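Working notes, structure below.
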């Protein structure tokens, strides 16, 4: 596995270039350009919090950053997972031509997503600084650890999807359904207190998405440090996914070229 | 590390039929349900059948055979793109393959930027690419167009740029699938000279071609392929005679 990662590092210029070119083509010829990465989640947040804060009787100023943090993290997970399912298929011209480690084609999505996500986070930080300056404290140092953590989870997850997606082209369609289901049982938009009060606390405690979200939400929204349990869940998820991805890769990396 | 060389022992290669049979969950389930009904079996394609060869440093080897005989598969196997299903293959040295050179241009980026991108694809660092950029620009000879986006290029200009980039750096083992003729007459002559320079620099060169005069002028040794097997291995003159005989043409 170390050998594999060092091969990935050797061609870093190539996948970095692929990521950057994805970014460029995404915002090319648009007036607001990169600003869309901020405006999209922000606009969605305003719409949702207007409705949900009425429905659930939550003060909007408090509820909005909760939703915004949910959208930013959730968007990243769906984008890398769905993108991962198509990663090998889209990179077929490269795969048929050169022998680079295949995981670089999913790393491409992971890196592009990280950049979009970090730009979007600026909106969250700005919101909290404006409305809840009391939350600012040392615990904020923990918030940026979401970036390496989420990348460590998303990369193997996207790679697993890529291996399945190249074999079964049904995957992108199925994923839309699976992700929707995962969204429903996770505190992405719904407050965690709603789960707990409804007797569904186990949907939080055994849900890696909840623990991942807590890495940002605890410091930024509550001014508290994330717990060791939160970190343990994230790292364990990353390790489990990495193991599956490595096994899959060992078995089928060489044969992917036949499926393209 | 020992010197450049290729050693193949009884190499078999299959294209797995699953790849074009059951593409979806639906057809997978469908085939389970109808398993008692007789249906057409799609076999794995046995593309290389027990190929053995040993190629030493300094050899120039031609690959001869009809379409689908296994020449390109053989080259892609040596390049490490296709996995072998049985046998032993040992390939020492960096492999440089020129198969499909018109890949990976970004239409909105300029010619100069695309030189960098293509170099990164081939595994070079930005610094290495800067050092050979001017040479590539000179060879492609596109004038001011080099600083225009690729999408403003004619098809011929794109091929020239692709060729100039792909042939700028060689390797220990050079694999060619047909010598590439690109652009107008004057460029083809220039292109041939450049390929020959790469061939001279390479430790080992393999060329798959139907053009016997080119093969005879470059390759001292040739392998004749037929239905995935090497049926002749020897001097190119004898190999071409053997091939012409088997297809019923006078030598």
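Per-structure values
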item	result
Computed lengthening from residue A:251 to residue A:27, 0.36 nm per intervening residue step minus Cα-Cα distance	76.9 nm
Chain B: angle of helix B:155-166 to the longest principal axis, Cα-based, in degrees nearest 10	80
Degrees separating the helix B:126-140 axis from the principal Cα axis of chain B, which is the longest one	80
Percent of beta bridges antiparallel (DSSP, the protein assembly as shown, rounded to nearest 5)	55
Acute angle (nearest 10 degrees) that the helix B:236-246 long axis makes with the longest principal axis of chain B, alpha-carbon atoms	40
Potential extension, residue B:148-residue B:49 segment - 0.36 nm per residue separation minus Cα distance	30.8 nm
Projected label distance in nm at residue B:184 and residue B:85, using a 7 Å step from Cα toward the beta-carbon	5.0
For the range B:111-202, fraction of C-alpha pairs farther apart than 20 Å, in %	35
Efficiency of FRET from Cβ geometry, residue A:173 and residue B:57, R₀ 41 Å, rounded to 0.05	0.20
Distant alpha-carbon pairs in chain B (separation over 30 angstrom), percent	40
Alpha-carbon Rg/Rh ratio, for chain A, with Rh computed the Kirkwood way	0.98
Calculated FRET value between residue A:39 and residue B:94, using beta carbons and R₀ = 45 Å, to 0.05	0.40
Rough spin-label spacing in nm, given labels placed 7 Å along Cα→Cβ, for residue A:54 and residue A:96	5.4
Linear extension gain, residue B:66 paired with residue B:245, 0.36 nm per residue minus alpha-carbon span	63.2 nm
In nm, spacing of pseudo-spin labels at residue B:7 and residue A:183 (7 Å Cα→C-beta vector)	5.8
Within chain B, helix-based [θ] at 222 nm, where runs of 4 or more DSSP H residues each add -39,500 (n - 2.57), nearest 500	-11000 deg cm²/dmol
Global geometry of the protein assembly as shown, whether rounded, prolate or oblate, following the gyration tensor of its Cα atoms and the 1.5 cut on a/c	prolate
Order of A:100, B:210 under a 10 Å beta carbon neighbour criterion, fewest first	B:210, A:100
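Every read-out reported here was derived from the displayed coordinates using simple, explicitly stated rules and does not represent laboratory data. Quantities reported herein were computed from a predicted structural model and do not represent experimental measurements. As a convention, Cβ positions derive from the backbone with ideal geometry for all residues, glycine included, and neighbour counts pool all protein chains shown.
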